[in-house]
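Chemist: Sharing a structure below in structure tokens format, with a few things to ask.
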Amino acid sequence: MTDTKKVLITGVTGQMGSILADKMVARGHEVYGMVRRTSTPRYDNISHLYGQIEVVHGDITDPFSLDQVMEHVRPDIVFNMAAQSNVWVSFKEPMHTSIVTGVGVTNILEAIRKKCPEARFLQSGSSEQFGKVRETPQTESTPFYPRSPYGAAKVYAHYMTVNYREAYGLFATNSIAFNFESFRRSPEALSMKVARHVAMISYGLTDHVVLGDLEPKRDWNWAEDIADGMILAVEHDRPGDFVFASGKSYSVRDFVKKAFSVAGISNWEDFVKQDASLFRPSEVDHLVGNAAKARRVLGWRPKIKFHKLVELMVEHEMEKIGSMSDVELRRLEIVKNK
């Protein structure tokens, strides 16, 4: 697939959507980013792509708007990165999460089936689908056992993608990615919350960070590496399901300890407060993936490992705060404990 393609990316303003947009623009493709109309648009992650991509408005919960988008773009490739992706929030908003993260994928698949059945589709799945794991490490054949509304919605989306592949012959591929991090991570995400607060503590802007359970273990990955895997999967000869993971797991405690060490702080426990209200009603204790299929079939290899990943995030936040104006610092202090 070396010729120019029309690429549609839902959720383009998010972490992975914007990274995919960068990579597809760099490959010379014609990129369209789908966003919902909101009263206060947030285009920070794609502002550098102004004039290089076309922003189109649509909502994955609205089949009519998806039909319009598909007719306008006539995409060759569709990446679905749109979702309500906060696991903790999914317990508070289970119906919203189910509709957006689950049913929304059916709406996309149906729009593709009706309007552009030759398009290649990639659904962004999650290691949260494995939940209360049936085996370790987890592979494409490991049974799912989700432990949150988010995980359950992702399982539904996964099987709808498989169904449309088998029932209608669509090129519909599932990416099952384990935790992926970058500078573009949402401020509410654990990794960014830790990186930002460690940077703030190092500058004396706050004296603690509030966290939930420190014991769960995750397979942490660099988002750029995961994006490369997704592109390889959608460019492969045949659709399928692919796990993308490092094959190693580290606890939240490990992440926090490493983050503080990057800032030169050894007594990290003095700056961490735990809040029981941030614990999940049902936790996923240990996730670690086996990406042997992606390595064998796609030739995928991750480049950034856990310790480097944490270093990159903390150093970026420290540099960012170090270059802030007084006004920006005051604004940061207002929201420091969120």
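A short reminder: the numbers here are calculations on the coordinates, not readings from a lab. Because the structure is a prediction, the values reported are computed rather than measured. All Cβ positions, glycine included, derive from the backbone under ideal geometry; neighbour counts span all protein chains shown.
Chemist: Testing the spin-label approximation: label points 7 Å from Cα along Cα→Cβ at Arg295 and Gln274. State their distance in nm.
Modeler: 3.4 nm
Chemist: What residues of the stretch 240-282 lie in the reach of a label at Asn86, counting those whose backbone N is under 19 Å from a point 7 Å from the Cα along Cα→Cβ?
Modeler: Of the residues in the stretch 240-282, 274-282 have backbone N under 19 Å from the label point off Asn86.
Chemist: Also: Please go through the residue pairs Lys154/Lys257; Lys132/Lys258; Lys193/Lys305 and name each one whose alpha carbons sit more than 29 Å apart in this structure.
Modeler: Listed pairs above 29 Å: Lys154/Lys257.
Chemist: Let me ask you something else. Counting only helical runs of four or more DSSP H residues, what would the 222 nm mean residue ellipticity of the chain come to if each run contributes -39,500 (n - 2.57) and the total is spread over all its residues?
Modeler: Counting only the DSSP helices, I get -11500 deg cm²/dmol.
Chemist: Of all beta bridges DSSP finds with both residues in the chain, what is the antiparallel percent, to the nearest 5?
Modeler: Antiparallel bridges: around 5 percent, rounded to the nearest 5.
Chemist: Given contacts defined as C-alpha pairs under 8 Å and at least six residues apart, what's the relative contact order of the stretch 195-338, whole-number percent?
Modeler: With pairs under 8 Å counted, the relative contact order is 40 percent.
Chemist: For a quick check: with amide H placed at 1.01 Å from N, whose amide H comes under 5 Å from Ser126's, ignoring anything fewer than 5 positions away on the same chain?
Modeler: Ala177
Chemist: Between Thr38 and Glu235, 0.36 nm times their residue separation minus their Cα-Cα distance comes to what?
Modeler: That works out to 67.7 nm of additional length.
Chemist: Distance between Cα centroids, the stretch 118-152 to the stretch 48-117: provide it in whole Å.
Modeler: Cα centres, the stretch 118-152 to the stretch 48-117: 19 Å.
Chemist: Arranged by the count of other C-beta atoms within 10 angstrom, fewest first, what order do Glu188, Glu317 take?
Modeler: Glu188, Glu317
Chemist: Could you run the Karplus curve 6.51 cos²θ - 1.76 cosθ + 1.60 with θ = phi - 60° over the stretch 79-94 and give me ³J(HN,Hα) per residue in whole Hz, x for Gly and Pro?
Modeler: Listing the rounded values in order: 9, 9, 10, 7, 5, 8, 10, 8, 4, 4, 5, 4, 6, 7, 10, x Hz.
Chemist: Normalised by the number of residues in the stretch 1-98, what is the relative contact order in percent for Cα pairs under 8 Å and 6+ residues apart?
Modeler: This gives 34 percent for the stretch 1-98.
Chemist: Now, a different point. In what sequence do Lys305, Lys23 fall when counting other Cβ within 10 Å, fewest first?
Modeler: Listed from fewest to most nearby Cβ atoms, that is Lys305, Lys23.
Chemist: Expressed as an acute angle from 0 to 90° and rounded to the nearest 10, what is the orientation of the C-alpha long axis of helix 223-235 relative to the principal long axis of the chain?
Modeler: 10 degrees
Chemist: To the nearest 10 degrees, how steeply does helix 104-115 sit against the main Cα axis of the chain, on a 0 to 90 scale?
Modeler: Rounded to the nearest ten degrees, it is 30.
Chemist: Relative to the longest principal axis of the chain, what angle (0 to 90°, nearest 10) does the C-alpha long axis of helix 252-262 take?
Modeler: Around 60 degrees separate the two axes.
Chemist: What percent do you get for the relative contact order of the chain when only Cα pairs under 8 Å and 6+ apart count?
Modeler: Relative contact order comes out at 16 percent.
Chemist: Report the gain in length on full extension from Asp326 to Val25: 0.36 nm times residue separation, minus Cα-Cα distance, nm rounded to one decimal.
Modeler: 104.8 nm
Chemist: Between Ser282 and Thr136, take the C-beta separation as r, use R0 = 22 Å, and let me know the FRET efficiency to the nearest 0.05.
Modeler: Plugging the Cβ-Cβ distance into 1/(1 + (r/R0)^6) gives 0.75.
Chemist: Write out the trypsin sites (Lys or Arg not before Pro) in the stretch 89-197 meeting two conditions: DSSP loop, and at most 16 other Cβ atoms within 10 Å of their Cβ.
Modeler: Answer by residue number: Lys132, Arg134.
Chemist: Quick one: 3J(HN,Hα) in Hz for the stretch 284-296, Karplus 6.51/-1.76/1.60 with θ = phi - 60°, rounded, Gly and Pro as x.
Modeler: 9, 7, 8, 10, 8, x, 10, 9, 4, 5, 5, 5, 6
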